[in-house]
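> To start, I am sharing the structure in question, which I have written as structure tokens.
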Amino acid sequence: MNGKNKEAIRVLGIGGSLRKGSYSMAVLRAAGKLLPDGAKFEVADLSGIPIFNQDNELKPPQSVVKFKKQIREADAILFCTPEYNYGIPGYLKNAIDWASRPHGDNSFKDKPAAIISSSGGMFGGIKAQLQLREHFVYLDMHAVNDSIAVSNVEKKLDSDGELTDEYTIRRIKELLKELIEWTDRIAVEK
């Protein structure tokens, strides 16, 4: 699958919520089960990442070291985020700041990426997607053009937090297929 060496493409899932019953994390876990055959999926655990402080960026905590290593080892990144106050949660922005610092040590550089957002509202978090795409420009990431906004997300999950909405499942499969193909294309061009 990977254009350079035909190994399985490794996708790192990064969620934008810490809430125990997070809808975004439920959608992210569902996406991990919907990847094309042969792709591998891992979800980053960001719960231990402290507030970014530039005084500590040259000696980051172990949770940050682990996160940056996961990003570097991944072939592609899949973000799934809720929308807070028309943007990405501060927690997600904080993790992105850690992973892209210090200057010259940006773990996200040249990574293909895709975005899923989710919201209990009717717009599905599209403003969070726009803000995340703005960050991709600075991070030098290569986002697929498509994205998914899962609106009324709580109605698309069952009581166990499993994604049940067939349209959303189909759209996620399409997005993941596009992410894998995009990742292959970028690997060949390098």
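> For ILE116, work out the one condition from (1) touching a strand residue (DSSP E or B) at 6+ places or on another chain (Cβ under 7 Å); (2) part of a helix (DSSP H, G or I) it doesn't fulfil.
(2)
> Condition first: assigned to a loop (DSSP other than H, G, I, E, B) and either at pLDDT 95 or above or within 13 Å of the chain's Cα centre (by Cα) (or both). Now tell me which residues in segment 59-88 satisfy that.
LYS59, PRO60, PRO61, ALA74, ASP75, PRO82, ILE88
> Answer yes or no as to whether ALA95 is in contact with a Lys or Arg (Cβ under 6 Å, 6 or more places away or on another chain), among the hydrophobic types (A, V, I, L, M, F, W, C) and over 21 Å from ALA30 (Cα atoms).
Considered against the rule, which asks whether it is in contact with a Lys or Arg (Cβ under 6 Å, 6 or more places away or on another chain), among the hydrophobic types (A, V, I, L, M, F, W, C) and over 21 Å from ALA30 (Cα atoms), ALA95 comes out as no.
Yes/no per residue for (1) in contact with a helix residue (DSSP H, G or I) (Cβ under 7 Å, 6 or more places away or on another chain); (2) modelled with pLDDT under 95; (3) assigned to a strand (DSSP E or B); (4) of a type in the set (A, V, I, L, M, F, W, C):
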{"residue": "GLY120", "(1), (2), (3), (4)": "yes, yes, no, no"}
{"residue": "PHE123", "(1), (2), (3), (4)": "no, yes, no, yes"}
{"residue": "ALA128", "(1), (2), (3), (4)": "no, no, no, yes"}
{"residue": "LEU132", "(1), (2), (3), (4)": "no, no, no, yes"}
{"residue": "HIS135", "(1), (2), (3), (4)": "yes, no, no, no"}
{"residue": "ALA149", "(1), (2), (3), (4)": "yes, no, yes, yes"}
{"residue": "LYS155", "(1), (2), (3), (4)": "no, no, no, no"}
{"residue": "GLY161", "(1), (2), (3), (4)": "yes, yes, no, no"}
{"residue": "TYR167", "(1), (2), (3), (4)": "no, no, no, no"}
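> So, one more: For segment 149-188: of the residues being in contact with a Gly (Cβ under 8 Å, 6 or more places away or on another chain) and free of Cβ contacts under 8 Å to residues at least 40 places away in the same chain, which is surrounded by the fewest Cβ atoms within 10 Å (Cβ to Cβ)?
The extreme case among them is ASN152.
> While we're looking at this one, here's another question. Would you check which residues across segment 28-65 are farther than 26 Å from SER119 by Cβ, in contact (Cβ under 8 Å) with a residue 12 or more places away in the chain and surrounded by 12 or more Cβ atoms within 10 Å (Cβ to Cβ) and list them?
Answer for segment 28-65, where residues must be farther than 26 Å from SER119 by Cβ, in contact (Cβ under 8 Å) with a residue 12 or more places away in the chain and surrounded by 12 or more Cβ atoms within 10 Å (Cβ to Cβ): PRO36, GLY38, ALA39, LYS40, PRO50, GLU57, PRO60, PRO61, SER63, VAL64.
The values are calculated or read from the model by the stated rules, or taken from the named source; none is laboratory data. Keep in mind that what you see is a predicted model, and the values were worked out from it rather than measured. A quick note on method: Cβ atoms are made from the backbone with ideal geometry, for glycine too, and the neighbour counts reach across all protein chains shown.
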